[in-house]
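The values are calculated or read from the model by the stated rules, or taken from the named source; none is laboratory data. The model shown is predicted, which means the values in this text are computed figures rather than measured ones. A quick note on method: Cβ atoms are made from the backbone with ideal geometry, for glycine too, and the neighbour counts reach across all protein chains shown.
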Amino acid sequence: MQAKSLSMMCLLLVAQAAFAADVPPTEAAPVVVSPALDPQKQVAVIDSVVAVVNEDVITRRELDDRLRVVVGQLNKQGTPLPAPEVLEKQILERMISDLLQTQYAKEVGVRVDDTQLDMAISRIAQQNGFPSLAEFRTKLEAEGVDYKKFREEIRNEIISTRLREREVESKLVISDSEVDSYLANKAKAGGETEELHLAHILVVVPEQASADKIQAAREKAEQALAQLRGGADFAQVAAGASDAKDALKGGDLGWRPSDRIPPLFLNELQSAQPGQMTGVLRSPSGFHILKLVERRSGSAPVVIVQTHARHILIKTSEIVPAAEARKRILEIQSRIESGADFAEQAKRYSQDGSAQQGGDLDWLSPGQTVGEFEEAMNRLEPGMIGAVQTQFGWHLIQVIERRNTDVSEQQKRQQARQAIGSFKSDELYQDWLRQLRDRAFIEYRLEQN
């Protein structure tokens, strides 16, 4: 990403709010007194509340701040703006969803400390060509991005990802029969993987919704479709009508392999031409409208580089902060470099399930581990060891050997599981968000302002 588009990237991250931390509770808005008034006639103007979410509130000022960010993002993208009242309600719904996740994260102890946050922002800086955080911060502030708010939005993005991993992806169940069926269908289709660039509108149906609510959701989707067929811009309609997290990106889902698109959608898109849209489609999460932006041929690599590695993990927690975990890992590294056996140290100290195997992770393919672990592992030559921090804690990694290998049957089945899990995860995530919302106390006061 070039520097000139950095502000758009930051605004997108802020607007999306793609690993809950100790985010401070919403502060009471200060009393603002106009200095232009006579001191005897000064009037206190108090920030109003637009929504109550359990024990917290969302204020008019917070909503306006988010509105400015999103409007700036949409303008930079060239996306026509929805009607002001539509966009305002859309953003408020997103802020409520974000706040519910933040509250739940605090409740269950999911947090991101400043060290982990700095690591994540450093990676973003490096990906954008900035060697230091200071230079990155200077560039952001020059483009009008509040760095403190930017940090908290990145923290919340990481929290959201960790919650999804904890509440959804860790509970996914994919049977062998599903994998067999998937591979059989792929073989029947000739094994060719096509990629589709999609845009998406989702109108969510609440869990256990009444017939009236289901009908209201259907009508909202039908109205959106009518606007689209009447020539309205898809991104504009998505920004105003979609309940999906990508709504403020104009509903853009990017490129997706056909084997990672739910069959319900893929069947409708098989004969579609670029630019065409589906009708309103019903799924367990709600009503969908899809637009095929582009399609292209794609295929999985024939040969991949696999790494045989082992590791020792010291987990971070409230009891064991990151600094303490790092200290323990470096002590273990020092013992190994002085002649101690890696496997024995792993059995004795590692807090990972691989400990009893001496930390052995077997052969790892690209994408099988979290990014920080894989990046650190890839920098090591066979026989070398190195320490790295991830969302799980501090690891000591040793690379045993590497090989180039054809995609094996086991790898094909793993890819199949990932593909199946991808679209199952989306459905389960929407279900989880609906349940989180159903349990919450939410009071709207927007119309009162």
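Conditions (1) among the β-branched types (Val, Ile, Thr); (2) in a loop (DSSP other than H, G, I, E, B), marked per residue:
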| position | (1), (2) |
| --- | --- |
| Val203 | yes, no |
| Glu207 | no, yes |
| Gln215 | no, no |
| Ala221 | no, no |
| Ala224 | no, no |
| Gly240 | no, no |
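Within the option set Gly339, Gly371, being over 33 Å from the mean Cα position of the chain (by Cα) and not hydrophobic (A, V, I, L, M, F, W, C) holds for one residue only, Gly339.
Determine whether the stretch 409-421 contains at least one residue that is in contact with a Pro (Cβ under 8 Å, 6 or more places away or on another chain) and buried (at least 17 other Cβ atoms within 10 Å of the Cβ). If you could, list the steps in order and put the result at the bottom.
Just the residues of the stretch 409-421 that are in contact with a Pro (Cβ under 8 Å, 6 or more places away or on another chain), to begin with: 419.
With buried (at least 17 other Cβ atoms within 10 Å of the Cβ) added as a condition, the list becomes 419.
There is at least one residue in the stretch 409-421 that is in contact with a Pro (Cβ under 8 Å, 6 or more places away or on another chain) and buried (at least 17 other Cβ atoms within 10 Å of the Cβ).
Note on the stretch 155-203: residues that are over 30 Å from Arg111 (Cβ atoms) and either modelled with pLDDT of 85 or more or β-branched (Val, Ile, Thr) (or both) total 15.
Condition check for Leu81 on (1) modelled with pLDDT under 90; (2) crowded, with 19+ Cβ neighbours inside 10 Å; (3) not in a helix (DSSP H, G or I): one failure, at (2). When the strands (runs of 3 or more DSSP E) confined to the stretch 275-329 are screened for residues that are out of contact with any helix residue (DSSP H, G or I) (no Cβ under 7 Å at 6 or more places or on another chain) and hydrophobic (A, V, I, L, M, F, W, C), those reaching at least 2 such residues are found at 303-315.
Looking across the stretch 375-401 at every residue that is of a type outside the set (Gly, Ala, Ser) and part of a loop (DSSP other than H, G, I, E, B), the one that is surrounded by the most Cβ atoms within 10 Å (Cβ to Cβ) is identified as Gln391. Name the residues in the stretch 258-274 that are part of a loop (DSSP other than H, G, I, E, B) and crowded, with 18+ Cβ neighbours inside 10 Å, would you? The one that is part of a loop (DSSP other than H, G, I, E, B) and crowded, with 18+ Cβ neighbours inside 10 Å: Ile261.
Can you confirm whether Gln73 is modelled with pLDDT under 85 and more than 30 Å from Ala376 (Cβ to Cβ)? Quick ask: steps written out before the conclusion?
Details: modelled with pLDDT under 85: yes; more than 30 Å from Ala376 (Cβ to Cβ): yes.
Yes; evaluated as a whole, the condition is true for this residue.
Selection over the stretch 53-74 of residues that are under 18 Å from Asp246 (Cβ atoms) and either among the polar types (S, T, N, Q) or not in a helix (DSSP H, G or I) (or both) gives a count of 1. Contact annotation: no residue pair with Cβ atoms under 6 Å, 6 or more positions apart or on different chains, pairs a residue in the stretch 118-144 that is assigned by TED's automatic domain parsing to the domain that holds Gly371 with a partner that is at pLDDT below 85 and surrounded by 13 or more Cβ atoms within 10 Å (Cβ to Cβ). Scanning the stretch 304-319 for residues that are out of contact with any strand residue (DSSP E or B) (no Cβ under 6 Å at 6 or more places or on another chain) and crowded, with 16+ Cβ neighbours inside 10 Å yields one hit, Ile304. Every condition in (1) under 23 Å from Val86 (Cα atoms); (2) not in a helix (DSSP H, G or I) holds for Gly254 except the one numbered (1).
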